[in-house]
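These notes concern the structure reproduced below.
All of the numbers you see were taken from the coordinates with simple rules; none came from a lab. Quantities reported herein were computed from a predicted structural model and do not represent experimental measurements. As a convention, Cβ positions derive from the backbone with ideal geometry for all residues, glycine included, and neighbour counts pool all protein chains shown.
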Amino acid sequence: MGILVSEVVEKIEEDIVFGQRHPRERLVEDDLLVQFNAKKHVIREALTSLERMGLVEKLKNKGAQVRDYTPEDVKQIFSVRKLLEAEAARQIPLPADSIFLKSIKKVKSDHLKAVNRSDFRSAFRLNIEFYHILFGACGNSFLAEVIKDLKLKSLGIKFFSFANPELLKKSQKYHEIIIQAIDQNDRNTLVEICSKLLEPCMEAYLAEHQNFLARENETTFKGLEGLPVSS
């Protein structure tokens with residue numbers, strides 16, 4: 001049995017999130033066919049899925065490449081997410097349902113274990129699951145779905161943060177504060193922390209994006225050294 005579309009999507013998604021594929025890096029179909037030992041239709045479906053997720057963009061006559069979010073894109077996406085996620089926090093029923101509490105506490109525990117054993121890929125998946133469970137509890141399926149879609153698009157924006165020890169510690173701290181607020185029926189703290197979740201990631205991305213562009217420009221400049229100058 002050959003590799004599944006979902007497996008190709010997951011691997012490329014993680015490569016982007018962990019900085020192994022960089023913004024504007026081309027995703028050459030022939031290279032992917034060899035890498036995954038996959039059929040052409042599998043690779044094409046995977047790239048289409050990644051495009052829908054907002055991680056990849058297809059350019060006319062250039063093929064697919066990792067999407068590069070500008071600083072303004074990032075600020076706008078995170079601004080919308082901040083509003084939606086704070087509103088979802090306002091709508092989560094308190095006192096909380098026992099099944100919901102049990103589920104989110106287990107994911108928090110599993111996330112901590114994954115970080116402690118430096119299993120960053122599992123920690124990445126568990127962090128996504130934590131917030132899907134949290135905002136899915138708001139009772140508004142349409143709001144939860146929009147938040148989920150925007151989170152997927154934001155994965156490219158977090159292209160290095162899931163292996164950043166400082167940001168991982170902040171993520172763990174946020175998990176603790178959120179669960180404590182739910183346990184104590186503290187709506188104000190829950191809304192406040194959900195409105196602040198994105199700030200460290202956004203600031204870190206903007207700084208790293210600037211560094212990435214500087215390194216890219218330096219490489220381009222060095223590549224041009226020694227070339228004849230046209231008159």
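Here are some notes:
- Integer Hz, Karplus 6.51/-1.76/1.60 couplings in order for the range 116-123, x for Gly and Pro: 5, 9, 6, 8, 5, 5, 5, 4
- Only the Cβ atoms of Lys and Arg (+1) and of Asp and Glu (-1) were treated as charged; on that basis the dipole of the chain about its Cα centre amounts to roughly 300 debye.
- For Val56, the residues whose amide H sits under 5 Å from its own are Glu51, Arg67, ignoring neighbours fewer than 5 places away on the same chain, with H placed 1.01 Å from N.
- Calculated from backbone phi, Karplus (6.51, -1.76, 1.60) coupling profile of the range 57-73 in Hz, x at Gly/Pro: 10, 9, 9, 4, 6, 10, x, 9, 8, 5, 5, 10, 7, 6, x, 5, 4
- Angle in degrees between helix 187-196 and the longest Cα principal axis of the chain, rounded to the nearest 10: 10 degrees
- Here the range 71-210 is described by how far its Cα atoms reach on the three principal axes: 43, 34, 22 Å, from widest to narrowest.
- Helix 165-183 and the longest principal axis of the Cα set of the chain meet at an angle near 30°.
- Whole-Hz couplings from phi, Karplus 6.51/-1.76/1.60, listed for the range 124-135; x for Gly and Pro: 4, 5, 5, 5, 4, 4, 4, 7, 5, 5, 4, 6
- Alpha carbon centroid spacing (whole Å) that separates the range 87-115 from the range 63-79: 29 Å
- Look at Thr189, Thr70 and count the other Cβ atoms within 10 Å of each Cβ; fewest to most, that gives Thr70, Thr189.
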